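Note sheet for the following structure.
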Amino acid sequence: MGHNITLETERLLLRPLTVADAPAVFAWGSDPEVNRYMAYPLERSVADAEAWLRQVEQADGRRDCDFGFVRKEDGLLIGSGGVYRKKGAWWRRPWWVLGYNLRRDCWGRGYATEAARAMLEFARKRRGARIFLASHAVDNPASGHVMEKCGMKAVGTGQYSKLDGSETFQTITYRLEV
């Protein structure tokens, strides 16, 4: 299943993730600083990354599009993210969630914004998406800056917990309607 879509930006190729990407995914998935505000647990082995990537490969490519972010200059997989169509509706209309993460040594260089813009444009043009939502932990304002640079506006607050229930974060939710 999954998808076979590749997007290109000035500095990145966004391509489908595969199980072969497990060592690169483990590089950031095992970093406590990268994982600090993520819902998923800290990866303890390459096998953890492989298990997640198997799930990604099985996703419905019409609803969920996960991408690996590959830096063109050296071919390094530096992060991942995606756009995910949600069942239900936002004001009785379908909506999409945007998400992303990057290796720590790639933070602050504009890669997340570049990838996020490409994913939003893809979902708008090729999936007919019109409403996007994204949230970030209040204590992680850098993620909010990415959302703002993509034209998203803060619309509310909330919270989410890590999947294992170990921690709960206060959030700011952003919305974009195109």
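Identify the residues of the stretch 20-39 with backbone N under 19 Å of a label point that sits 7 angstrom from the Cα of GLU167 along the Cα-to-Cβ direction, or state none. Only 26-39 pass the distance filter. By the count of neighbouring beta-carbon atoms within 10 Å, fewest first, ILE172, ILE78, ILE5, ILE131 end up ordered ILE5, ILE131, ILE172, ILE78. Counting only Cβ charges, +1 for Lys and Arg and -1 for Asp and Glu, the dipole size of the chain around its Cα centre is about 1020 debye.
GNM on the chain, alpha-carbon springs under 10 angstrom: the most fluctuating residue among LEU17, LEU98, LEU53 is LEU53.
Around the amide H of TRP95, modelled in the peptide plane, lie the amide H atoms of LYS86, TRP90, all under 5 Å away and 5 or more residues distant in sequence or on another chain. Taking Rg/Rh (Cα atoms, Kirkwood Rh) as calculated from this structure, the corresponding entry among (1) 0.93; (2) 1.06; (3) 0.96 is (1). Under the shape rule built on the C-alpha gyration tensor, where the axes satisfy a ≥ b ≥ c, the stretch 13-91 is prolate, since a/c reaches at least 1.5 and a/b is greater than b/c.
Exposure proxy for VAL138, VAL34: other Cβ atoms within 10 Å of each Cβ, ordered fewest to most, give VAL138, VAL34. Peptides 102-112, 20-30, ordered by how many other C-beta atoms sit within 10 Å of their residues on average, highest first, read 20-30, 102-112. Loop-located trypsin sites (Lys or Arg not before Pro) in the stretch 24-102 (DSSP state not H, G, I, E or B) with no more than 16 neighbouring Cβ atoms inside 10 Å: ARG36, ARG44, ARG62, ARG63, LYS72, ARG92.
Taking a ≥ b ≥ c as the square roots of the eigenvalues of the alpha carbon gyration tensor, the stretch 110-157 is oblate, as a/c is not under 1.5 and a/b does not beat b/c. Projecting the Cα atoms of GLY110, LEU98, ASN140 onto the dipole axis of the chain, where Lys and Arg carry +1 and Asp and Glu carry -1 at the beta carbon, places LEU98 farthest toward the positive end. Each Lys and Arg Cβ is given +1 and each Asp and Glu Cβ -1; about its Cα centre, the stretch 21-117 then shows a dipole of about 720 debye. Phi angles of the stretch 65-71 translate, via the Karplus equation with coefficients 6.51, -1.76, 1.60 and θ = phi - 60°, into HN-Hα couplings of 10, 8, 10, x, 9, 9, 6 Hz per residue; Gly and Pro are given as x.
Only the coordinates and a few stated rules stand behind these numbers; no lab work does. Fair warning: this is a prediction, and the values are worked out from it, not measured in the lab. Every residue, glycine among them, receives a Cβ derived from its backbone with ideal geometry; neighbour counts consider all protein chains shown.
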